[in-house]
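This structure is in structure tokens; I'll ask about it shortly.
The values are calculated or read from the model by the stated rules, or taken from the named source; none is laboratory data. This is a predicted model, so every value here is computed, not measured. Glycine gets a Cβ as well: all are built from the backbone with ideal geometry, and neighbour counts include every protein chain shown.
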Protein chains: 2
Amino acid sequence: MPYELLVEVTRNDTVESRHFGAAVVCDYRGDVVESWGNIDSLVFPRSALKPMLAIHLVESGASEQYCLGDAELSLACSSHQGEQIHQTLVESWLNRLGLTEDYLACGAVLPEHTESAHKLLASGQTGCRIHHNCSGKHAGFLTTALHLNMPLDTYHLVDHPLQQLSLAILSDLADIDLKQHPIGIDGCGLPAPTMPLLQLGRAIARFARPVDISDYRAQAIYRLHEAIANEPLYIGGHGSVVSELNEVTKGSVLAKTGAEGIITAAIPSMGLGIALKIADGSARARSVALLAILDHLGALSDKDKHKLRAHTSPRIVNSRGLAVGEIRPAASWLPKQGSCSAELSCMLHEGGPSFHDA
Amino acid sequence: MPYELLVEVTRNDTVESRHFGAAVVCDYRGDVVESWGNIDSLVFPRSALKPMLAIHLVESGASEQYCLGDAELSLACSSHQGEQIHQTLVESWLNRLGLTEDYLACGAVLPEHTESAHKLLASGQTGCRIHHNCSGKHAGFLTTALHLNMPLDTYHLVDHPLQQLSLAILSDLADIDLKQHPIGIDGCGLPAPTMPLLQLGRAIARFARPVDISDYRAQAIYRLHEAIANEPLYIGGHGSVVSELNEVTKGSVLAKTGAEGIITAAIPSMGLGIALKIADGSARARSVALLAILDHLGALSDKDKHKLRAHTSPRIVNSRGLAVGEIRPAASWLPKQGSCSAELSCMLHEGGPSFHDA
């Protein structure tokens, strides 16, 4: 069995559904600290790549030329919920570039944020490209393409020089040639590369602590850390696990989701990267499993855990408003939570105590 | 591993996600014809029980007293999508009972049918109890409670005599005492019993061909078969796999979904019942797996399969309108589709050729 039971869904204390998956914790040298399931299995990291796909925006000088601040950079790394703050910022960003929504290659959709979608419908409007959770990423690609004088109308195609540059940056971080693996098409139309889960963990760990990498690339990564930590609401939105993890830990844990059950976390102070795939693609299970691993690694303080309690074991509430179950980590795959291996204790010590303060 | 790989989700021909599950095909005598995964695992059948939970409505005489037709009976068995036809019928049914929407114990929600929900929001309205996918079932319970002079305000509670009667009917069909197993609370507030998947398969098979059961119960079941076959749109809705399977096969296959990855099918002409649980609770995988089993059993003609092609391997279309993947049965768990075992060939012969004509 290439997957382990990671998350259970209960109904009145009886397990109703089960989510299987694989996960890996890597350090910045590329070594595996801990793993569950088959980490050689190929995954589509999807939107979990976005922070790494924003590197070109900074290292090319495009973000400086167009005076992008923390909010725009966080939005470039985002799967945003399409709330008003996200819509407004994508619009003003496109204005600054002298472009319109039509330049975005992603399709027109309703905001993922239910309240925002309902408000929009109630006002007689429908979905547009700006609402797409990837519109910040697309604005980032358009910015770099403009800056580097690349064609704007084909930036989403795999042969476009900016996509080739992006694949090279990802290959550098993941220590693998992504062109040797299948590349699909993402929900927003951009290339969707594949890699073994292990390589995704390695890439996230190197994003967490970019050593053995060019100085300008490392500086770009640190700039993105800073932007996300300063503007956590722009990388997700109100109530999202990504924004709340980044906000509560003050950037000590930089989490990112990807469609089809993917979630990752970079822990800069520990030099660790976590990559996790829920085999069935479920969104509800991935954050529960990630938070269990973070707790297991000692990366969350009691205060953090209290603030994140809505995400650690979310309640299931029925149509009558009654709590009838919960989504919780399975008991089997992790040692007592809050504990960690001797090897990891060393690393925590080496990494300094800063993550305990977060 | 208690589950088998049943369904794969691909992106440009590479498998991106995997759904595991268990399934059983039983005959009306209770024997297992074929199974995959651990069929002794406890499941919450959820809404897959609804056709069996409508038996009291017919056998008590309530449906006759209140002149319920095929549409109301099909709706009583339904997880409807909250389209206008469903809303209108629940309203007129409640009117006939002299009751209002407030008597429904389910909570207020938006219709599951996206277009209907958007239309409602655009007209400045919000969700109500009638839109709940279970409102037909609740109307059925209210009808029997009225007919039998039982309290109307507590009909959703497990101790209510109508819930006790329902549990007795289910126990009879499943050949198991459901009170000896955990009972949770469903999304709509009614009791949610549990049983091993095998027992669910047996219950569906006895619903398909009710032998060794009282005559009045058997007659009630045949009446429900007829109602569903005559009014398939009321048991689901436009585009739903349940309505389309029932419609395309002209009632030869009576399918029903349940929340959290449950799907069942009764095949009256073959005296077979199928019960299937996708372990992770996914809705997208259950119908793909069920259709693969139906095809494997030879229960679908080529014409049926052509009409149901949108459900057998649904395409995944991205925000740009491009087909980027599909949801398909895994290759590993079923022999060549359309084939069936020698034992089953006998049964098909015994059951007559009627299902081939459907």
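Any chance you could count how many residues in segment A:159-171 are surrounded by fewer than 18 Cβ atoms within 10 Å (Cβ to Cβ) and in a loop (DSSP other than H, G, I, E, B)?
Qualifying residue count for the region: 1.
Can you find a residue in segment A:52-74 that is polar (S, T, N, Q), buried (at least 20 other Cβ atoms within 10 Å of the Cβ) and within 14 Å of chain B (Cβ to nearest Cβ)?
Let us first name the residues in segment A:52-74 that are polar (S, T, N, Q), namely A:60, A:63, A:65, A:74.
Filter once more, so that each one left must be buried (at least 20 other Cβ atoms within 10 Å of the Cβ): A:63, A:74.
Keeping just the survivors that are within 14 Å of chain B (Cβ to nearest Cβ) gives none.
Scanning segment A:52-74, I find no residue that is polar (S, T, N, Q), buried (at least 20 other Cβ atoms within 10 Å of the Cβ) and within 14 Å of chain B (Cβ to nearest Cβ), so the answer is no.
Residue under question is B:His156, and the condition is that it be within 30 Å of A:Glu115 (Cβ to Cβ), in a loop (DSSP other than H, G, I, E, B), of a type outside the set (Lys, Arg) and in contact with a Phe, Trp or Tyr (Cβ under 9 Å, 6 or more places away or on another chain); does it hold? Before you say what the answer is, go through the steps one by one.
Details: within 30 Å of A:Glu115 (Cβ to Cβ): yes; in a loop (DSSP other than H, G, I, E, B): yes; of a type outside the set (Lys, Arg): yes; in contact with a Phe, Trp or Tyr (Cβ under 9 Å, 6 or more places away or on another chain): yes.
Yes, satisfied.
Suppose we filter A:Val9, A:Val90, A:Val43 for residues that are out of contact with any Cys (no Cβ under 6 Å at 6 or more places or on another chain), within 11 Å of chain B (Cβ to nearest Cβ) and more than 18 Å from A:Ile204 (Cα to Cα); which single one remains? Steps first, answer last, please.
Details: A:Val90 fails: within 11 Å of chain B (Cβ to nearest Cβ); A:Val43 fails: more than 18 Å from A:Ile204 (Cα to Cα).
One residue alone meets the criteria, A:Val9.
Could you check A:Ile274 against (1) touching a Lys or Arg at 6+ places or on another chain (Cβ under 7 Å); (2) within 17 Å of A:Ile235 (Cβ to Cβ) and say which number it fails?
(1)
Something else: Mind checking whether some residue in segment A:88-106 is closer than 27 Å to A:Arg223 by Cα, crowded, with 16+ Cβ neighbours inside 10 Å and either modelled with pLDDT under 95 or of a type in the set (Ser, Thr, Tyr) (or both)?
Yes, the conditions are met somewhere in segment A:88-106.
Hey, another quick one. Within the group B:Ala48, B:Ala22, which residue is within 14 Å of chain A (Cβ to nearest Cβ), within 30 Å of B:Thr144 (Cβ to Cβ) and either in contact (Cβ under 8 Å) with a residue 60 or more places away in the chain or part of a loop (DSSP other than H, G, I, E, B) (or both)?
Numbers: B:Ala22 fails: within 30 Å of B:Thr144 (Cβ to Cβ).
Exactly one residue qualifies, and that residue is B:Ala48.
Could you tell me whether A:Ser240 is farther than 19 Å from A:Leu75 by Cα, out of contact with any Pro (no Cβ under 8 Å at 6 or more places or on another chain) and hydroxyl-bearing (Ser, Thr, Tyr)?
No; evaluated as a whole, the condition is false for this residue.
Only one of these conditions is not met by B:Asn133: (1) in contact with a Ser or Thr (Cβ under 6 Å, 6 or more places away or on another chain); (2) surrounded by fewer than 19 Cβ atoms within 10 Å (Cβ to Cβ); (3) closer than 30 Å to B:Gln180 by Cα. Which number is it?
All conditions are met except number (2).
Let me ask something else. Considering each residue of segment B:142-158, count those that are crowded, with 20+ Cβ neighbours inside 10 Å and free of Cβ contacts under 8 Å to residues at least 40 places away in the same chain, and give that number. Don't jump to the end; show me each part of the working.
Restricting attention to segment B:142-158, the residues satisfying the condition of being crowded, with 20+ Cβ neighbours inside 10 Å are B:142-145, B:155-156.
Subset that is free of Cβ contacts under 8 Å to residues at least 40 places away in the same chain: B:145.
The total comes to 1.
Working only within segment A:113-141, note down all residues that are touching a residue at least 60 places away in the same chain (Cβ under 8 Å), within 22 Å of A:Pro191 (Cα to Cα) and outside any helix (DSSP H, G or I).
A:Asn133, A:Cys134, listed by residue number.
Taking the condition assigned to a helix (DSSP H, G or I) and either charged (D, E, K, R) or at positive phi (or both), does A:Arg328 pass? Write out each step before concluding.
Values: assigned to a helix (DSSP H, G or I): no; either charged (D, E, K, R) or at positive phi (or both): yes.
In short, no.
I would also like to ask the following. Among the residues of segment A:300-325, what is the count of those that are within 18 Å of A:Thr257 (Cα to Cα) and either among the hydroxyl-bearing types (Ser, Thr, Tyr) or part of a loop (DSSP other than H, G, I, E, B) (or both)?
Step one: of segment A:300-325, the residues within 18 Å of A:Thr257 (Cα to Cα) are A:308, A:310-314.
Filter again for either among the hydroxyl-bearing types (Ser, Thr, Tyr) or part of a loop (DSSP other than H, G, I, E, B) (or both), leaving A:308, A:312-314.
Result for segment A:300-325: 4.
Test B:Thr14 against the criterion of being within 14 Å of chain A (Cβ to nearest Cβ) and in contact with a Ser or Thr (Cβ under 8 Å, 6 or more places away or on another chain), and give yes or no.
Values: within 14 Å of chain A (Cβ to nearest Cβ): yes; in contact with a Ser or Thr (Cβ under 8 Å, 6 or more places away or on another chain): yes.
Judged against the criteria, B:Thr14 is a match.
Please identify the pairs in which a residue from segment A:59-75 that is in contact (Cβ under 8 Å) with a residue 40 or more places away in the chain has its Cβ atom under 7 Å from the Cβ atom of a residue that is of a type in the set (Gly, Ala, Ser) and part of a loop (DSSP other than H, G, I, E, B), counting only partners at least 6 apart or on another chain.
Short answer, once both residue conditions are applied: A:Leu73/A:Ala54.
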